[in-house]
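What follows is a short report on a single structure.
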């Protein structure tokens with residue numbers, strides 16, 4: 001790889017990291033908003049989580065709500081973005097930046 005190609009790759013990787021960090025910040029903010037909204041959601045809809053081994057008979061699948069996955073989806077997206085950032089930063093380290 002010549003110097004010009006190397007610099008172009010570094011610039012591209014830095015842009016990707018920048019974009020991913022912005023996405024990570026947005027997902028973190030979304031998590032905060034979801035956490036703040038959860039008490040109100042529970043008041044209106046009850047406990048939105050599915051328990052695999054409920055301690056009370058009315059807990060479990062009967063109270064399962066599709067919206068309970070919203071938090072998990074955000075968390076999984078956050079973790080994916082974080083892994084992508086780490087991977088690209090490792091590529092940048094290998095390129096000597």
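Read-outs throughout are calculated quantities, based only on the coordinates presented, and are distinct from any laboratory measurement. Bear in mind that the values here come from a model prediction, so they are computed numbers and not experimental data. Note: ideal-geometry Cβ built from the backbone for every residue, glycine included; neighbour counts use all protein chains shown.
Points to keep in mind about this one:
- Taking 7 Å steps out from each Cα toward its Cβ at residue 14 and residue 41 produces label points 3.9 nm apart.
- Placing dummy labels 7 Å off each Cα toward the beta-carbon, the span from residue 25 to residue 89 is 1.5 nm.
- Distance in nm between pseudo-label sites at residue 32 and residue 3 (7 Å out along the Cβ direction from Cα): 4.4 nm
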